[in-house]
Structures are given as structure tokens and as C-alpha cells.
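Take a look at the structure set out below.
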Amino acid sequence: MESWSAHHLNKKALETLSNDEVKDLTFYARNLISKNTPVIFTLKHLSEIMEKRYTFLRSTVERKREHSNYKMFSISKRSGGRRFIHAVSNQLQPVQQWINTEILQKQKPHNASFAFHANGGIKKCAAMHCGARWILKFDISNFFYCINETDVYQFFVSLGYRPLLAFELARICTTLRLPIQHQKYIRSRNSSRLEYKFYYQPEGCRGVLPQGAPTSPMLSNLIATKLDEQLTQYALENGFTYTRYADDLAFSAIDLPEKKSIGKIQFEITGIMKAQGFKENEKKTSVAGPGSKKMILGLLVDGEQPRLSKQMYKKLDRYLYAIEKFGLDSVATHEKFDSTFGFYNHLCGYISFVKSVDAPRGEEFEKRMNNITPPWTSHP
């Protein structure tokens, strides 16, 4: 974070500003510092902190660089369909990374939120539900796209940033560039709730969080705090434990509340989601009752601690054995991955997941993986 001194500000500002204006600036800066948030006065100031051209940031705010700031591509989802990724340009990525590191990561998410921050994690999240007899799981459809620049603007204002700068930061962290089938999200629920005074677009479009930007994960976490507050309150009133890991919501209990059917509970929970601007992905909603298999985020929670299933170990072992025998390319094709690169990255993520839950077994798999030549390594 850039070092800052009230004395330096006073001395420099008094050269061109009145005493009252200097007092306002000092109060503004001290308020940000009290929240462990970097002092940024203007977009020009941000450009100096980042050593970026002001014209670059200005044109980004004015939505004149959408196609050069983001390259879009899609990858197959293992559950079917495709996921669209925004690859951020080399110019914009450091700015977003700085915002994430210096502003977003210094904010505390809700206690029920376990993704995208150092104090969370899949294992910690799953552990909250160990020993439950009932588990209800919900998924938010297109989570990042449900959060638009109005939400981001209001978040930065809540930190103490002035409206114009909050608007500019929101524009830097969002995009209008979406695939055709998702264009509806840039005309989302907030389009008429708050009219911007700055660079207002008559068509009512609002940018959304790009999937792939460094700022999007933590912004989504922090902006979903209101949802977490309301669902935590609902859980307390009805005897549930509630957690959220990104777009995965889970409720667990020893017994269900009296005089409430499963359908009634689902209706009430999805009603809260909808009121906060989020939509349920009905295909992923599930209920596990007494006697049934209970999993949270890929981990079994039927014991005292979360654990991996035998099937997961066997699947990873099968992948590695096949690669050792037939080669990475052949197995990637056989398993219907889009590319060898995608399959290799999938395996690395898989092993990292195992290692986070079961370190000894994860390290065994990691040693075998290290003997596999990465697809980007040229062969002699």
C-alpha cells in the first residue's frame, strides 16, 4: 500500500485549496486508513499509484476498451454445458490484482462464507456439517453475472470511497462483454435502482463481474454478505447450520423444523435468494436425509471429520495409471477433455484438492504427477 502522511497532504493541498477543502480531504483519507484501506483520491491518483497511463484507465471506465481488456473463451464443464472465461489483458490485470490485494483481501467476509480467502477452505466449510442427519444443498445460477456494477459501486462507497471514484473502480472491475446467451445479465435487477450521474448509458446496461478477473471472487464474496446475513438468520430460526462456498449453499440439521415440509423450506430459502437478486440452479438442488450418502463440496461428512470417498482416490489413481501406460494425450482424448492442457490442469487441481484434505495421499499422487511431462514442454 502506498505510504501516506496527513502533513504532506496539508502542505501540498494548501497551495491550491482552501482550509475547509483540505480538512475534507484529510478526513476522507483518515477514514479510509481507519478501515485498513488504501487512500485513493481520484482516478488520476490511481493511475500514478499503478504507474499506468491515465488515458488507459479513463477509456476503461468509459467502456471503450471492452474487447481489448477481455478475451473470451469457453471450456467444457464436467457436469455438461460450457463455462465462459474472461482472460484479462496484461494492462488491466495488474490494476485488478492491486485492487484485490490492497482493498478486497483486507475486508472480512461473512462468517458463513468459506471461499476465496485465507481463513476459509473446502475442508473447513464441510466440517461445519459433519454429523448432520439432514443436508439441503442449493446452487446459485451464474453467480458472478448476478452481481453488477451497481452492487460493486455501492460496495466501494460503503468502504468510504467518494461516489465518482467508487463508480470508476466499479467500472474497472466489471464488463459488458458477455456471450449472447448471457446478455440479459447486463440489464439485470439493479439497472433502474440507481441512476449513475457519471457516464450514464441510456440503454440501462450495467457491467457484471467477469469470470477470470482477480477481483471477481472476493467482490462476489463481500457483496453477497447481505444474502449470508439473511440465510444465517433463517438457519438460526429453523435449527440449521448454513454455509456458502462461492455459489454452493448448504443447510444441515439433526432434525427438520416442526410443521415444515421440505418443499416449504426450499421455497423459503429460494425466496431469500431471489430477494437478494440471485437465482437457484434447480438442477443442483438436493436433499439428503437420514440413511443417505451425505457430501459437501466433494467431501463425505458422515463422520467426525470430512473425508474423501474411496471412489475419488480410485479415479485419480486410474487417471495416473492410464497416463503412465498410454500417455497424457491419449488419456485426455479418451476422457473427452477439450485439450491436453485442460486435462493436465484438471489433474493438478484434483491432486491439490486431495492434498488439502489428505496430505500424505495427496503427496503420493503429486510425486507420480511430477513424473508426467507437462503438455507445454517441448520434446527432443
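The values are calculated or read from the model by the stated rules, or taken from the named source; none is laboratory data. What you are looking at is a predicted structure, and each value in this text was computed from that prediction instead of being measured. Virtual Cβ from ideal backbone geometry, glycine too; neighbours counted across all protein chains shown.
Overview of values
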{"item": "Single match in S309, S339 (criterion: among the hydroxyl-bearing types (S, T, Y), within 27 Å of C125 (Cβ to Cβ) and surrounded by 12 or more Cβ atoms within 10 Å (Cβ to Cβ))", "result": "S309"}
{"item": "Test: residue in segment 106-124 that is part of a helix (DSSP H, G or I) and touching a Leu at 6+ places or on another chain (Cβ under 8 Å)", "result": "yes"}
{"item": "Candidates K325, K367, K314, K355 - the one that is surrounded by 12 or more Cβ atoms within 10 Å (Cβ to Cβ), free of Cβ contacts under 8 Å to residues at least 12 places away in the same chain and of a type outside the set (S, T, Y)", "result": "K355"}
{"item": "Residue in segment 132-140 that is within 30 Å of G239 (Cβ to Cβ), under 13 Å from the mean Cα position of the chain (by Cα) and not in a loop (DSSP other than H, G, I, E, B) present", "result": "yes"}
{"item": "Of all residues making up segment 176-235, the number that are at pLDDT 85 or above and not basic (K, R)", "result": "36"}
{"item": "Of all residues making up segment 60-88, the number that are among the polar types (S, T, N, Q) and surrounded by 15 or more Cβ atoms within 10 Å (Cβ to Cβ)", "result": "2"}
{"item": "Of residues in segment 152-190 being part of a helix (DSSP H, G or I) and among the β-branched types (V, I, T), the one surrounded by the most Cβ atoms within 10 Å (Cβ to Cβ)", "result": "V152"}
{"item": "One residue from N119, N111 being closer than 30 Å to L300 by Cβ, surrounded by fewer than 20 Cβ atoms within 10 Å (Cβ to Cβ) and modelled with pLDDT of 95 or more", "result": "N111"}
{"item": "Test for R63: is it at pLDDT below 95 and in contact with a Leu (Cβ under 9 Å, 6 or more places away or on another chain)", "result": "yes"}
{"item": "Any chance F341 is assigned to a helix (DSSP H, G or I) and among the aromatic types (F, W, Y)", "result": "yes"}
{"item": "Residue that is farthest from T215 (Cα to Cα) [pool: residues in segment 102-152 that are of a type in the set (V, I, T) and in contact (Cβ under 8 Å) with a residue 60 or more places away in the chain]", "result": "I135"}
